[in-house]
Amino acid sequence: MMAARCHDMRTSIFIGIDMGSTGLKAVAFEAGSGLGLATAGSVLPLQRTRGGGCELAAEAIAGALQHALRGVTRQLADRVHDVLAIGCTGHGAGLYVLDAQGRLLRGRAVASTDQRAAARARALLRPFGARLAEAVGCGPWAGQPTLVAAELVAAGELRREEIRHLLFAKDYLGFLLTGEMATDASDASTAGLLSLATGEPAPLAFEAVGLPELAGALPPLQPSGTVLGRLKPALAEACGLPAGLPVAVGTIDLLASLDAVDAPARGQAVAVLGTWCVNAVVAPVRAPQPAVGGVVHFGAPDRRLYLENSPSSMANLAWLARTLGFADAAAVVDAAMTVPLGADGLRFLPFINGGGVSPDASGGFIGLAAHHERQHLARAAVDAVLALHAWHLDRLAVLGLGAPAQVAALGGGARDVRMVQLLADFLGHPVERCGDDETGARGAALYAARAVGAPAGTLPAPRDLVQPAGGAAAHAGFRAGFDALLDSLAPAFAQQAGGQR
């Protein structure tokens, strides 16, 4: 850790950059008050290809990064001189591989929602699934860097001998900002690349996909909240930022969000209503290992991040908006709330990007009838997204992971209090909402503050409590039926997936 520059910490500003699955945003936070003083960002133009590909051009990432930083500095005006440090966070997994010159291979990154390796993941499940889950905390899944790389190599789109560096989204941002490369344990472990026992790269994770040399492409592991490097002079000038700003090592966006709201210290489970259906809690190491969707060694020797995830939450609403001509996901929610719970018998399977409930899960509607209109489709999708979050959260609670009846809702979907209230109704207890705050960016800024010696509590996050609206019996009935439906469809999912192989 380096000492803070000579500056009144009460007027200091820290910038957090959050690169999600669909957009990149920079937020400037004021020390002490925790207020967000400036926000700028843009949607990332994903390129979707046949077979489930989802990619992002290198120039789009670099352009979005500079656009966001310039937007923040313009808003800060003279206060830009109070900026002390920058931190980065981002979505996990996907594929960010660079050549010897530090250029993204093929000129593109791969998003974590890419599905081209889905069949490969299913094929590896039987011979390696149990061994990988025990060794690295998760079985094979389509968005893992190793599986994506193996798929692209097999397709002739990527030459393995050209791969020199394997980064994650936030690491790539840090490299663009400083020219330095490092990662932290949270990203590498969430991707299933680190041994839970040692916190070091796990040979099995790379050997299972036939790319053992990829282990050597990981950059050095460095603790979050330490200094990665300093902002490049040319970039500082182009963006209007002070020269020589420290840039901190961050974490995966999930852990950044948890840290932003102090959830680990409170033992609080968190539901992230983002592109992915993410549900997580930080708790002590358990032996034997709990039967959850994923276990992450994020650097602490005696604690782990326990995950219950599926690869689509708000992505389902974004898909529905795009397909049915709604303006955006918010418009889908507006339409959904004109129809009562249950959408008049219509049910939606929220697995547009596959699912963690079953390795073969796919999306679709069940019970569709002639009287259903698009508001019914919207309601069915909203019901399913929140019921799936509740399903995962209940799995954590049954295992005793997390403080009883303490859940926080974060992410873009939590901006709408109606979504959080429906989650509270499904869970049967209040849910803390941080939906109006950019918690990922706040977490990144928090690591920046730590890197320059700022005291704990420097960037407090706003929170409010959302109570269930009522109708406990109806919501419990819906949940029971939804859970039973998912259980009954496992053979159908497998049959459908088999026909696509």
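Things to note:
- Given their separation in residues at 0.36 nm each and the Cα-Cα distance between them, Arg322 and Ala403 gain 25.4 nm when the chain is fully extended.
- Of the Cα atoms belonging to segment 206-258, the radius of gyration and Dmax stand at 16.2, 46 Å.
- In terms of overall dimensions, the C-alpha atoms belonging to segment 1-136 reach 58, 34, 30 Å along their principal axes, ordered largest to smallest.
- Order of Glu213, Glu432 - criterion: other Cβ atoms within 10 Å of each residue's Cβ, fewest first: Glu213, Glu432
- Modelled this way, with points 7 Å down the Cα-to-C-beta line, the labels at Glu200 and Val417 are 5.3 nm from one another.
- Across segment 406-419, computed HN-Hα scalar couplings (Karplus, 6.51 cos²θ - 1.76 cosθ + 1.60, θ = phi - 60°) run 10, 9, 10, 10, 10, x, x, x, 6, 5, 8, 4, 5, 5 Hz from first to last residue, x flagging Gly and Pro.
- Under Karplus coefficients 6.51, -1.76 and 1.60, residue-wise ³J(HN,Hα) of segment 443-453 in Hz, glycine/proline x: x, 4, 5, 4, 5, 4, 5, 4, 5, 10, x
- For Asp487 and Met337, the FRET efficiency from 1/(1 + (r/R0)^6), where r spans their Cβ atoms and R0 equals 35 Å, is about 0.80.
- Overall shape of segment 143-271 was characterised from the C-alpha gyration tensor. The equivalent ellipsoid obtained from it has semi-axes of 27, 22, 12 Å, in decreasing order.
- The mean sequence distance of close C-alpha pairs (under 8 Å, at least 6 residues apart), as a share of the length of the chain, puts its relative contact order at 17 percent.
- Net length gained if the chain between Ala77 and Thr39 were fully extended (0.36 nm per residue, minus Cα distance): 12.4 nm
- For segment 75-146 versus segment 295-332, the gap between their alpha-carbon centres in whole angstrom: 15
- Ratio Rg/Rh [Cα only; Rh per Kirkwood] for the chain: 0.95
- Per residue, the average separation of C-alpha pairs within less than 8 Å and at least 6 apart gives segment 58-127 a relative contact order of 28 percent.
- For segment 61-68, 3J(HN,Hα) per residue [Karplus equation, 6.51 cos²θ - 1.76 cosθ + 1.60, θ = phi - 60°, Hz, x = Gly/Pro]: 5, 4, x, 5, 4, 5, 4, 5
- Label-to-label distance, nm, for residues given as Ala62 and Arg303 (7 Å Cα→Cβ offset): 3.8
- Segment 453-489 versus segment 380-406: alpha-carbon centroid distance in Å: 7
Rule-based calculations on the coordinates, nothing more; no lab input. Just so it is clear, the structure is predicted and the values come from calculations on it, not from any experiment. For neighbour counting, all protein chains shown are included, and Cβ atoms are generated from backbone atoms with ideal geometry for every residue, glycine included.
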